[in-house]
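Values quoted throughout were computed directly from the atomic coordinates according to the rules given, and no laboratory measurement underlies them. Source: prediction; values computed, not measured.
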Amino acid sequence: MISIFLLATASFAALTSAAPTWVDSRPDVTTLPNGVDTGKIVAVMKNVPLAVSGIPTLSGRDDLQSLPTILQDGKDKLTDVSTALNTLLASDNTVSAETLTPFIQQSGAILSDLLTAAKLLQGQPQEAILGVGGTVKDVATLVWAIVSLVVGILATVLKAASPATEVIQPVIDTVGSVLGELVPFLLSLVDGLLVILGPLLSSVFSLLGGLGLGNLLQSVTSQLPQL
């Protein structure tokens, strides 16, 4: 797992060296399940890409958005969910699993909306999907950020809900199903995305088993090419 993590770190460094200007919006993901190597989790989450400025729109089509725009919108909304969750837990760390469930449901709804919007781009040429000035690196950066944010939210909820995790497990499985559809679809939509995104996703997926998110990992990876 260490070699995968180092590969992901190196890949991210190369990816961001030519990336646009970023605006800091990373979530605080330091509350994690007992027994998990928090150092590696926090290291991954600290590298979650920040918000891309100047995301391009879909040139020549007023009814559609470019994929980077769609992904940025989803990332911003997930960041809001993460911030609200951490704010709640900072003021009350004894909240019930039922109180925490809506945070997972909101994350799943955001992913579903993102998938619906991205599917409207199916059949468009690559330059239209990426938008004016958009690159495959932009898409890879944003997809990795989204997956990392979802994992961070789920990990935080699992820690806070313990030991009553059976209450939220069905909701987590639902999120896993959506994520399991979203990531492979995006890989099929954007040429060359797997080459850049694969090592980055591996760094996140390698942590899911230790977080008690084995079902989510299976939902996603069962539909992916070998990473």
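How many angstrom lie between the C-alpha centres of the range 148-198 and the range 74-147?
Here the answer is 10 Å between Cα centres.
Kirkwood Rh, Cα Rg: Rg to Rh for the range 70-122?
Ratio of gyration radius to Kirkwood radius: 1.10.
Multiply the residue separation of residue 94 and residue 120 by 0.36 nm, subtract the distance between their alpha-carbon atoms, and state the gained length in nm to one decimal.
Stretched out fully, the residue 94 to residue 120 stretch lengthens by 5.2 nm.
How many times 2.2 N^0.38 Å is the alpha carbon radius of gyration of the range 116-178?
Relative to the rule-of-thumb radius for its length, the range 116-178 sits at 1.56.
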